[in-house]
Amino acid sequence: MSALPPPRRSEWNGLQLYQTPESPVAIDLSDNTSRFGVPPAALAVLRGAEDEWIARYPSGYGEPLKHALAAYAGVRPEQIVTGCGSDDVLDSAVRAFARPGETLACLAPTFPMPVRFAQLNGLRVRETRVGPDGSFDPSALLVGDPAIVYLCSPNNPTGACLDGDAVDRVLAHATGVVILDEAYAEFAGTSRTAAAPALGRVLSVRTLSKAFGLAGLRVGWAAGHEALVRDVELSRGPYTVNALAERAAAAALARDVDWMRARVAESLAARAALEAGLRALGLEPLPSHANFVLVPCAGAPALAARLRERGLGVRAFANLPGYGDALRLHASPPAEQDRALALLKEALA
Ligand SMILES: *Cc1c(COP(=O)(O)O)cnc(C)c1O
């Protein structure tokens, strides 16, 4: 008896797994995580983990963590939703706010996960170009009244904060939900998170994976109007932030915010040194408000492959619309970063 082939949703044909590095490298500057240490209070909680935390379920919707995040963000706990990384929050939000066949509008280039979540949910995706200075045309973005507008500021992979007036126009005129991904807000020193709940249809999405140095714990969150947040929670389901992560994250927010700010200052100083080092190699990094830079560079994919052989991981982009081939790499402490620049110099020669 021959088995039937495994069934598959036809609209998923052509979708691939997200590309993650195949093997570890000595110096990995490819994913914009922090190389500046781990919050001490979070580490202490993890080291002191109790059997009960592991044997029992975590809190249903991260209630203790929501209180810590609310205090950090300047909003109320019921205006916060958490998730297993902000990717989980974005996935839940895309599912919550658009039906199959409706449109998600975003800028290009930008963070690819929301586009992928849109495709998985049968949405159409419409893209509008964003300039290296964060400028874009808000009316072009809002053509056809998309169910969801996704904006990322500072924008990954370009690094710039989006033009504030253009963002204001989107917030004023969008009829659907505006997802504002502010994963790098701590580096930019500015965010719209505290303002989001009063705006009604705006979800400010944040993460502990970047400035807080907790990417391995997978804790993301968002702030918005209570009703908006409740629908993201409905879509997300219970227990998605694990018991160790919720406790460690709450401890970091309660006791390590000053520590985090000091690490952000180190990271920004390192980014300035990285920009200078890249310019000394004849490259022209784009202006950044985050912990990484995008560097237009012909043949970036082949160059990244040569760097990987030498033990340096960077993110390569082929033919980004309006930018061409480019490398993205994030700041790291001086010894590691100097080594990375030396490897880059060798590979360019
Ligand atoms: C890294 C990143 C995220 C994902 O963060 P997690 O919380 O680790 O899932 C979300 N948005 C942007 C723009 C990012 O660069």
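How many nm separate the modelled label positions at residue 215 and residue 44, each set 7 Å beyond the Cα in the direction of the Cβ?
2.7 nm
Measuring from a point 7 Å past the Cα of residue 54 along Cα-to-C-beta, which residues in region 202-246 have an amide N at less than 15 Å?
243-245
Run the numbers for residue 172 and residue 345: contour at 0.36 nm per residue of separation, minus the present Cα-Cα distance, in nm.
Values: separation 173, 0.36 × 173 = 62.28 nm, distance 4.68 nm.
Contour length minus the Cα-Cα distance gives 57.6 nm.
Per the helix-only calculation at 222 nm, which mean residue ellipticity applies to the chain, given -39500 (n - 2.57) for every DSSP H run of n ≥ 4 and division by its residues, nearest 500 deg cm²/dmol?
Details: 14 runs with 141 residues, N = 349.
It lands at -12000 deg cm²/dmol.
If I stretch the segment between residue 194 and residue 302 completely, what's the gain in nm (0.36 nm per residue apart, minus their alpha carbon distance), one decimal?
Gain in length upon complete extension: 34.6 nm.
Compute the Cα gyration tensor for the chain, then decide on rounded, prolate or oblate, letting a ≥ b ≥ c be the square roots of its eigenvalues: rounded whenever a/c is under 1.5, prolate when a/b is larger than b/c in the other cases, and oblate in all that remain.
Numbers: a/c = 1.35, a/b = 1.14, b/c = 1.18.
Judged from the Cα gyration tensor, the chain comes out rounded (a/c under 1.5).
For region 40-255, which whole-number percentage of the solvent-accessible area (1.4 Å probe, protein heavy atoms only) is attributable to carbon and sulfur atoms? It would help to have the intermediate numbers written out before the result.
On the way: 4250 of 8350 Å².
Carbon and sulfur atoms account for 51 percent of the accessible area of region 40-255.
For the pair residue 99 and residue 283, how long in nm is the line joining their label points, each one 7 Å along Cα→Cβ?
With each label placed 7 Å out from Cα toward Cβ, I get 4.7 nm.
Amide H of residue 147 versus every other amide H placed in the peptide plane: which residues, excluding those fewer than 5 positions away on the same chain, fall under 5 Å?
103
For the chain, the longest stretch holding no GluC sites (Glu not before Pro) located in a DSSP loop with at most 12 other Cβ atoms within 10 Å is which?
Values: sites that count: 22, 50.
Maximal segment without exposed cleavage sites: 51-349.
Residues in region 81-104 near a label at residue 63, defined as backbone nitrogen under 20 Å from the 7 Å Cα→Cβ point?
81-84
Starting at the first residue of region 172-179, write each ³J(HN,Hα) from the Karplus equation 6.51 cos²θ - 1.76 cosθ + 1.60 with θ = phi - 60°, in whole Hz, x for Gly and Pro.
Working through the residues one at a time gives 6, 10, 5, 9, x, 8, 9, 9 Hz.
Can you tell me the accessible area per residue over the chain, all protein chains present, probe 1.4 angstrom, in square angstrom?
Values: 15630 Å² over 349 residues.
Dividing the accessible area of the chain by its residue count gives 45 Å².
For a Förster distance of 45 Å, can you work out the FRET efficiency between the beta-carbons of residue 239 and residue 143, rounded to the nearest 0.05? Don't skip to the answer; put the middle values down first.
Values: r = 40 Å, r/R0 = 0.88.
The calculated FRET efficiency here is 0.70.
The values are calculated or read from the model by the stated rules, or taken from the named source; none is laboratory data. Bear in mind that the values here come from a model prediction, so they are computed numbers and not experimental data. Ideal geometry is used to build each Cβ from the backbone, glycine not excepted, and the neighbour counts take in all protein chains shown. Accessible surface is based on the protein model in full, side chains and every heavy atom, while ligands, DNA and RNA are left aside. Shrake-Rupley method; radii C 1.70, N 1.55, O 1.52, S 1.80 Å.
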